Amino acid sequence: MPLISVIMPMRNAEAFVHEAVSSVLAQPGVEMELVVVDDGSTDHSAEIVQAFRDPRIRIVPGPRKGIAAALNAGLAEARGDFFARCDSDDWYAPNRFARQLAFLQNNPEFGAVCGKYTLVTENGKS
């Protein structure tokens, strides 16, 4: 069983989803699964995710009722002890899971953590 379930809502994310999935799968040292909720994509998003051929990835159909409903559909499929969200146009920083898990395991009074973010333009500039 995975320790972390990452829920990725996706709809027409062809331009960004490869980088988003790659950043999740690159997290070292943690048993995890990536639940991609395809919420009615009409582009090649699903094919891009399927091309990874990674057993940690599961693509599930979304309810087509928006991002909140897609996240709930992903949570219903998740099997991990911890849950993370990664939108299909986001990138995870290296070692994010290791840092956040260490914090949660050493501070059981906390139920959730988040981190800072950097906005990146379509040209890849911070």
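The values are calculated or read from the model by the stated rules, or taken from the named source; none is laboratory data. Since the model is a prediction, treat every value here as computed from it, not as a measurement. We place every Cβ from the backbone using ideal geometry, glycine too, and count neighbours over all the protein chains shown. Ligands, DNA and RNA are excluded from the accessible area calculation, which covers all protein heavy atoms including side chains. Shrake-Rupley method; radii C 1.70, N 1.55, O 1.52, S 1.80 Å.
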Problem - Residue-by-residue Karplus 3J(HN,Hα) for segment 10-19, coefficients 6.51, -1.76, 1.60, Hz, glycine and proline x - result: 9, 8, 6, 10, 3, 6, 10, 5, 4, 5
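Taking every pair of alpha-carbon atoms in the chain, give the share separated by more than 26 Å as a whole percent.
Result: 19 percent of Cα pairs exceed 26 Å.
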Exercise for the section: Report, by chain and number, residues whose modeled amide H sits under 5 Å from the one on residue 57, excluding near sequence neighbours (fewer than 5 apart, same chain). Expected result: 34
Exercise for the section: For 42, 121, write out the residues from largest to smallest accessible area, computed with a 1.4 angstrom probe and no ligands counted. Expected result: 42, 121
Practice task
Grab the alpha carbons of segment 1-46, take their convex hull, and tell me the volume per residue in Å³.
Solution key: 57
Fill in the blank from the handout: In Å, the Kirkwood hydrodynamic radius from C-alpha pairs for segment 28-78 sits at 11.7
Fill in the blank from the handout: With Cα coordinates, the longest principal axis of the chain makes an angle with the long axis of helix 67-77, in degrees rounded to 10, of 60
Handout entry: Which of 115, 45, 67, positive extreme of dipole for the chain (C-beta unit charges)
Key = 115
Handout entry: Burial ranking of peptide ranges 102-109, 30-37 (average Cβ count within 10 Å, highest at the top)
Key = 30-37, 102-109
Exercise for the section: Could you go through segment 42-54 in sequence order and give the Karplus-derived ³J(HN,Hα) for each residue, using 6.51 cos²θ - 1.76 cosθ + 1.60 with θ = phi - 60°, rounded to whole Hz, and x for Gly and Pro? Expected result: 10, 9, 9, 4, 4, 5, 5, 5, 4, 5, 5, 6, 10
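Magnitude of the Cβ-charge dipole of the chain, K/R +1 and D/E -1, about the Cα centre, nearest 20 debye?
Around 220 debye, computed over the chain.
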